[in-house]
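Okay, so here's the structure we're looking at.
The values are calculated or read from the model by the stated rules, or taken from the named source; none is laboratory data. Small disclaimer: the values here were computed from a predicted structure and weren't measured. Please note: Cβ atoms are built from the backbone with ideal geometry, for glycine as well, and neighbour counts cover all protein chains shown. We work out accessible area using only protein heavy atoms, side chains counted, and drop any ligands, DNA or RNA first. Shrake-Rupley method; radii C 1.70, N 1.55, O 1.52, S 1.80 Å.
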Amino acid sequence: MSKQSIFGRIAQLAKANIHAMLDAAEDPEKMLDQMVRDYTASIQEAEAAIAQTIGNLRLLEQDHAEDVASAQDWGRKAVAASAKADELRAGGNTADADKFDNLAKVALGKQLSAETEAKAVEPTIASQTEIVDKLKGGLEAMKGKLNELRSQRDQLIARAKIADAQSQVIDAVKSIDIMDPTSELGRFEEKIRREEAKVLGQQELAASSLDAQFESLEDLGAQTEVEARLAALKAGGPQQAIGQ
């Protein structure tokens with residue numbers, strides 16, 4: 001599995017505009033939780049893929065080590081066979097010496113084959129080692145991003161809850177303003193003033209009626225006095241002067 005395929009899904013999540021996604025989400029908390037779950041699952045997938053890559057590298061390293069060990073072993077056998085051939089040839093046993101020289105040649109061929117196989121796999125081991133190192137570094141970066149995402153998740157949810165609470169307070173204040181009982185005081189005051197004015201009017205009317213009654217009494221008294229004087233005149237009596 002290539003590095004790109006391992007980290008492709010993580011890269012998309014890492015580059016995503018979290019705030020834009022939250023703006024379109026009906027429930028930011030659920031959205032963030034889902035992102036954390038997706039990121040965690042992607043890291044688990046990456047870990048499995050990296051583990052497989054590391055396992056393959058270790059197998060290559062084991063095969064290389066076996067080839068190196070085999071080359072060394074065949075080299076020792078070639079040295080031993082050649083030494084035995086020299087010993088036999090020195091003793092005049094040419095036939096057996098040739099046999100050991102042939103064995104030395106076979107051992108050297110085996111050594112060369114093992115060395116060739118070991119050298120052939122070395123570039124692959126080097127490249128795979130580099131890839132594994134990068135994958136390990138990438139995995140650590142992914143875990144760091146996950147921690148960052150979790151931290152942002154907690155902060156954003158806390159801010160969302162604070163904003164929601166503030167919104168509820170503002171709505172409550174608006175409701176208080178709309179239902180404010182003191183806003184009706186003006187109407188009640190105006191009603192009371194009208195009642196007070198009505199009473200004042202009634203009092204004024206009552207006072208005018210009383211004055212008229214007293215004026216009627218005064219007019220009646222004057223008429224009575226005139227009649228009394230007229231009766232006195234007719235009786236031939238003296239007219240009473242004013243003030244007597």
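Residues are listed down the side, and each one gets a yes or a no for (1) over 18 Å from Leu135 (Cβ atoms); (2) modelled with pLDDT of 95 or more:
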| residue | (1), (2) |
| --- | --- |
| Ile50 | no, no |
| Thr53 | no, no |
| Ala69 | yes, yes |
| Thr94 | yes, no |
| Ala97 | yes, no |
| Ala104 | yes, no |
| Ala107 | yes, no |
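Residues that are touching a residue at least 40 places away in the same chain (Cβ under 8 Å), touching a Leu at 6+ places or on another chain (Cβ under 9 Å) and open to solvent by less than 50 Å² (accessible area, probe 1.4 Å) within segment 97-127 comprise Val121, Ile125, listed in sequence order.
Against the definition (part of a helix (DSSP H, G or I), under 33 Å from the mean Cα position of the chain (by Cα) and small (Gly, Ala, Ser)), how does Gly75 come out, yes or no? Spelling it out, it is not the case that Gly75 is part of a helix (DSSP H, G or I), under 33 Å from the mean Cα position of the chain (by Cα) and small (Gly, Ala, Ser). For segment 42-90, a residue qualifies if it is within 30 Å of Lys145 (Cα to Cα), free of Cβ contacts under 8 Å to residues at least 24 places away in the same chain and open to solvent by 40 Å² or more (accessible area, probe 1.4 Å), and the qualifying residues are Gln44, Ala48, Ala51, Arg58.
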